[in-house]
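Report on the structure given below.
The values are calculated or read from the model by the stated rules, or taken from the named source; none is laboratory data. Quick caveat: nothing in here was measured; it's all calculated off a predicted structure. Virtual Cβ from ideal backbone geometry, glycine too; neighbours counted across all protein chains shown. In case anyone asks, the SASA skips ligands and DNA or RNA and just uses the protein heavy atoms, side chains included. Shrake-Rupley method; radii C 1.70, N 1.55, O 1.52, S 1.80 Å.
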Amino acid sequence: MEKFDLAVIGAGPGGYVAAIHAAKSGLKVALVERDKVGGACYNVGCIPSKIMLEHSKLVQEIRRGTDWGVTVPTINIDFPKLMKRKDQVVEELLMNIEQFISSAQITMFRGEATVTAEKKVIVGDVAFTAHHVILATGSRPFVPPFKGIETANYYTTDTFFSIQELPKQLTIIGGGVIAIEMAFALAPMGTKVTVLNHSKDILQTEEPDARPIIKEKMKHLGIELVTNFTFEEIHPNEIQTSIGNFPFENLLFATGRRPNTEIAEALEMQMDGRLIKVTNHYETSIPGIFAIGDLVGGFQLAHSASAEGVHTVDYILGKHPKVINQQEIPRCVYTHPEIATFGMLEHEAPADSIVTKMYLPTNPKALLEGNTQGFMKFVASPEGDIYGACVVGDGATEMINSMLAAKVLGGSVKDLARLIFPHPTVSEHVGDAARSVFGKAIHA
């Protein structure tokens, strides 16, 4: 029976990154995947959704050109061609991952894995052992058990990205990141989108000051947002709620995900609710078996899973890695405008915190690009220590890292205020937002 130093179960962003990092660190690695490499992120999540959002962003930019004097009489959308491009981009990325795995000399096994407490792994009719095992089996869409759900045809994110015809109408159930991003992806294309969210507000895990901007943009795009009600029953083409009935042609559930914990349950591991209970270094209640990504607490984000995978491998190698700080993990929403955040939100910070917000209309680059919806925000201590930050605006997900880098490297808003940013750039607003903590912003 073949023996490995490490077996990784699941080849998503947590698993394949852990496997490659381990192999490049000198370990003999086995990687098991029952479906496609890349996991939900590359196949039915992060990547296909962002491709669709790029398509919708392009449509909005073309329309904006009319206001500037660049007239485009009509916009003809070949939706099957756009989806073909989506498939091509995803396929190229998956081929890259396959090549990275092969180049790292990782032994790949295809199929469903069974794992024993003695760290024996069985895949089909093949069995091998490993000194350590990392579970990175990800999650699956959750559909609430609404009354009448069995009578309706609906999509989840596992099935929605295979559509080939642009829906004339789409009702999305949910108010989190995935739900709102998909509304932004389809509405500019001409789909009549209705978002039904039973809570009082949308994006409740994100920066509160960003929500009015996003809701205003949703209104501008013709997206109907319905909040603060109770779901009563789902009929074949209608949703019954406490505030009325809502007909639909197409229905998408974007109501969160549930971890794939079958292996943990079979091993009778200690659980923390639906999640696997782990130490600060992601070791489960069975010594030598680790769990990362959507299986454990923290943010359900691809880059978080990748960081946990690298951390776990370094711990296995005896490198004593620093415990991952959740305050240093960026959170991104790819709406138009984007939202990017890390660390404490304003209401989470100490009472003596200094909170500053610089709006984008005073930034020359934002103004000349026509992307003035948004702001930059710091939550800092009176001495300038960075508790958290947020950028709302075009390219926010690219700009947040300059602010995060200062925090991670032990810097402060004073260090960001001293940086010389190129002009004109939207990023120079970071320096002004940093100066505003001390009341010295130039363009306030």
- Quick one: pull the percent of accessible area on region 214-263 belonging to carbon and sulfur, 1.4 Å probe, ligands and nucleic acids left out. 43
- Assigning unit charges at the beta carbon (Lys, Arg +1; Asp, Glu -1) and nothing else, what dipole magnitude in debye, to the nearest 20, does region 328-444 show about its Cα centre? 220
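Over the chain, give the accessible area per residue in Å² for a 1.4 Å probe, as an integer.
46
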- Indicate the gyration tensor shape class of the chain (rounded, prolate or oblate), computed on the Cα atoms with a ≥ b ≥ c the square roots of the eigenvalues: a/c under 1.5 is rounded; otherwise a/b larger than b/c is prolate and the rest oblate. oblate
- Task: List the DSSP H helices in the chain whose Cα atoms stretch 24 Å or more along the helix axis and whose mean Kyte-Doolittle hydropathy is at least -1.0.
- Result: 46-68, 79-103
- Segment E54-H235, length gained on full extension (0.36 nm per residue, minus Cα span): 61.8 nm
- Note on the structure: Scanning the chain, every Cys lacking a C-beta partner under 4.7 angstrom -> C332, C390
- Just subtract the alpha-carbon distance of E262 and F438 from 0.36 nm times their residue separation and send over the number in nm, one decimal. 58.1 nm
- Message: Please report the antiparallel percentage of DSSP beta bridges with both residues in the chain, rounded to the nearest 5.
- Response: 60
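With a 1.4 Å probe and all protein chains left in place, how much of the accessible area of region 5-148 comes from carbon and sulfur atoms, in whole percent?
53
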- Message: If you filter region 224-318 for GluC sites (Glu not before Pro), then keep DSSP loop positions with at most 12 other Cβ within 10 Å, what is left?
- Response: E249, E268
- Message: Pairs of alpha-carbon atoms within less than 8 angstrom and 6+ residues apart define the contacts here; what relative contact order does region 181-242 have, in percent?
- Response: 35
- Query: Cα gyration tensor of region 1-150, axes a ≥ b ≥ c as square roots of the eigenvalues: rounded (a/c below 1.5), prolate (a/b > b/c) or oblate?
  - Reply: prolate
- Task: Determine the shape class of region 73-178: with a ≥ b ≥ c the square roots of the Cα gyration tensor eigenvalues, call it rounded for a/c under 1.5, and otherwise prolate if a/b is greater than b/c, oblate otherwise.
- Result: oblate
- Message: Ignoring everything except DSSP H segments at least 4 long, calculate the 222 nm mean residue ellipticity for the chain; use -39,500 (n - 2.57) per segment, divide by total residues, nearest 500.
- Response: -9500 deg cm²/dmol
- Item | Using a Förster distance of 25 Å, the FRET efficiency for T362-T74 (Cβ separation, nearest 0.05) | 0.10
- Item | Mean separation of Cα contacts under 8 Å (6+ apart) over length of the chain, as relative contact order % | 14
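With an 8 Å cut-off on Cα pairs and a minimum separation of 6 or more residues, tell me the relative contact order of region 1-126 in percent.
31
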- Please work out how much length the chain gains when fully extended from E398 to K120, using 0.36 nm per residue of separation minus the C-alpha to C-alpha distance, in nm with one decimal. 95.8 nm
- Item | Qualifying trypsin sites (Lys or Arg not before Pro) for region 374-444 [loop in DSSP, other Cβ within 10 Å: at most 16] | K440
